[in-house]
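The values are calculated or read from the model by the stated rules, or taken from the named source; none is laboratory data. What you see is a predicted model, and the numbers here were worked out from it, not measured in a lab. Neighbour counts are summed over all protein chains in view; Cβ atoms, including those assigned to glycine, are modelled from backbone coordinates with ideal geometry.
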Amino acid sequence: MPKFTSALIKPYFPGLVVSVIVGLAALFLSQHYGAPAMLFALLLGMALSFLYEDTNCKKGIEFTSSHILRLGVALLGLRVAFGDLAVLGWHTALLLLGAIISTIFVGIVLSNLLGLQKRFGVLTGGAVGICGASAAMAISAVLPKAKHKERDTLLTIIGVTAFSTTSMILYPMIAASLGLSATDTSIFLGGTIHDVAQVVGAGYSVSEQTGDLATLTKLVRVAFLLPVVLCILLVIKMNLNKDVGGKSPGVPGFLIAFVALMTLNSLITIPELVTKVATDLSRFALMIAIASIGMKSNLGQLRTVGIRPIILIFLETAWIAGVILMALPYL
């Protein structure tokens, strides 16, 4: 039995170890230089892309970019609970849902106008609307296989991480210049900035109260990850059913695990230590998954796309910020 288990694990071990080392290096750099750890993981992974070609690391990198990615997304379920929606109020929850849906549709329309694939608009719109890099990887995991799927995921992660970091710096100043109240500032920051870490940074830079409410607002957006991804799956299934040879996708196990953990977190009080460990594990799993995606990237392909993806993500970022700001007076 041990020999059988060792034979199964051995092909994946080198690539998995490399991804973990890159993740640890990204954490070290993030702590010392203050930039997002996921961005460091992505850049370091891209620098080591040669490991994916004709080496014994390939299987482990593939495993990390798919299965470890799904583990990280599933564990996000412990960060949110159905009670968060009640605390924030249904008006605000509906606003956030409307902002997410409209951002995805804007992404689809703009991607078509910019000469990009509609699936890229879905990917970027979902990432901007929900929770940045985490949402990008969750949506990418359920999209059908395509020639440029890895490249598009990479571009999305780069774009949303860059704009999320910029928003963390600029949005508190914008809120102050507009004279927004503490509550409105919290909803603005939590409802528009892409990544959870940047929402935390922006919110607590204003005040502790703003940080708490902004983080809660952001977690409500994270809670919409499941229904949005399920809707995307449904649309994919309907389109595939039009083709005789199309194979309808089922509901991925990681989404079932996500909702199960979210339900568990809603029904019982989970010890803070368990939640913290699960959150840290989720973050690190996503980080090494991003590193492995970076290793699978082809920098030559990124150059051929040009600036259009960045323009798309910028316009989507501006859209969701405008929607939230215009709706704040009516909450």
Hey, could you check the range 53-69 for residues that are surrounded by fewer than 22 Cβ atoms within 10 Å (Cβ to Cβ) and modelled with pLDDT under 85 and say which is farthest from ASN265 (Cα to Cα)? ASP54
Look at the range 71-108 and say how many of its residues are more than 20 Å from LEU216 (Cβ to Cβ), surrounded by 19 or more Cβ atoms within 10 Å (Cβ to Cβ) and modelled with pLDDT under 90. 3
Out of the range 186-200, which residues are buried (at least 22 other Cβ atoms within 10 Å of the Cβ) and in a helix (DSSP H, G or I)? SER186, ILE187, PHE188, LEU189, GLY190, GLY191, THR192, VAL196, GLN198, VAL199
Checked the range 228-268 for anything modelled with pLDDT under 85 and not in a helix (DSSP H, G or I); matches are LYS242, ASP243, VAL244, GLY245, GLY246, LYS247, SER248, PRO249, GLY250, VAL251, PRO252
